[in-house]
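Novice: I have a structure I would like to understand better, so I am pasting it below and will then ask my questions one at a time.
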Amino acid sequence: MRPEILRSLVLALIVGLFGFLTGVALTEAREAQRRRIPETIDARRFRVVDENGTVRAELGMAFGTPALFLYDSKGKARAWVLLDSAGNARMMFVDAEDQPLWTAPPISTEPPKPAQPTTP
């Protein structure tokens, strides 16, 4: 066999082997990473903090029910989504003075209607 053909075959074998080993290594790395990411995380509270350490979001069990709070840059709660004690979903967005901007379900601002007299 001619030396240049032999060198080409050896070079092709080396490149092929390198490609195969690289594929195996990448597959192992992906598998190792998959094993490090848990499918489920159990906790009572998760907090997200900014670069200054200020809590900006929190997911937890507030008042015994699940709730998500979003905080402004001063750490003041400005938005939340939660379930009340009866299991009803509630949402609220407030301004810097804690005045409601939007709620769901809406907060009723109408005074209660007086009871109608019953006739015997």
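The values are calculated or read from the model by the stated rules, or taken from the named source; none is laboratory data. Fair warning: this is a prediction, and the values are worked out from it, not measured in the lab. We place every Cβ from the backbone using ideal geometry, glycine too, and count neighbours over all the protein chains shown.
Novice: Quick check on my filter: what residues within the stretch 62-107 are more than 21 Å from ASN52 (Cβ to Cβ), small (Gly, Ala, Ser) and in a strand (DSSP E or B)?
Specialist: ALA62, ALA67, ALA89, ALA104
Novice: Within the stretch 55-70, identify whether any single residue is in contact with a Gly (Cβ under 9 Å, 6 or more places away or on another chain), at pLDDT below 90 and closer than 27 Å to ILE107 by Cβ, and answer yes or no.
Specialist: No, that holds for no residue.
Novice: Look through VAL10, VAL48 and report the one residue that is out of contact with any Leu (no Cβ under 8 Å at 6 or more places or on another chain) and in a helix (DSSP H, G or I).
Specialist: VAL10
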